[in-house]
1. Please work out how much length the chain gains when fully extended from K71 to M1, using 0.36 nm per residue of separation minus the C-alpha to C-alpha distance, in nm with one decimal.
2. Just to confirm a number: summing +1 for Lys and Arg and -1 for Asp and Glu over residues other than E50 whose beta-carbon lies under 11 angstrom from that of E50, what do you get?
3. Placing +1 at every Lys and Arg Cβ and -1 at every Asp and Glu Cβ, with all other atoms neutral, what dipole size does region 15-92 have around its Cα centre, in debye to the nearest 20?
4. Accessible surface of D59 in the full protein assembly, 1.4 angstrom probe, to the nearest 10 Å²?
5. Which FRET efficiency value, to the nearest 0.05, is calculated for K58 and A31 with the Förster distance at 41 angstrom and r the Cβ-Cβ distance?
6. Over 29 Å between Cα atoms: which of K53/K77; K27/K71; K4/K77 fall into that group?
Amino acid sequence: MLKKTLLFVLSFFVATGLALAEVDVNKADQAALDGVRGIGPSMSRRILDERQKGGSFKDWSDLQARVKGIKDKAAAKLSANGLTVNGQPKTGASGDAAARSGKAAKSPRAENKGKEPAAKADKMAEEPAAAKK
């Protein structure tokens, strides 16, 4: 039982590591491109067809200009999901967890929102004690 559990945990980490690996658009085959979140079979086919027709992509702007369906926003998401051009991520694309989930970071006001009622409750608890004196 312990061996099976260890084998499962080890295989999980190996699979997770492979899922987060970077994929270079100039070196990848269709299966590798399909493995990038946000690229489906039709887009991977368009990328490969354009790469075969016009040669390797020079940079992200070259990829965006030549492949239909890849604009700035999509390119940033693909870069955050591990796609690179000549080993380079898209400039300005963040690979952090917030960018991967597509959610913006919380504002300081939102972070303090849960703290305000507690401060008011403490203040209200002190007021009756002060009023008794």
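1. Details: separation 70, 0.36 × 70 = 25.20 nm, distance 4.98 nm.
Gain in length upon complete extension: 20.2 nm.
2. +4
3. Working: 13 positive and 9 negative charges, 56 e Å.
With only Lys, Arg, Asp and Glu charged at Cβ, the dipole is about 280 debye.
4. 70
5. Efficiency, rounded to the nearest 0.05: 0.95.
6. Pairs exceeding 29 Å: K4/K77.
The values are calculated or read from the model by the stated rules, or taken from the named source; none is laboratory data. Because the structure is a prediction, the values reported are computed rather than measured. Cβ: placed from backbone, ideal geometry, glycine included. Neighbour counts: every protein chain shown. Remember, those area values only see protein heavy atoms, side chains included, never the ligands or the DNA or RNA. Shrake-Rupley method; radii C 1.70, N 1.55, O 1.52, S 1.80 Å.
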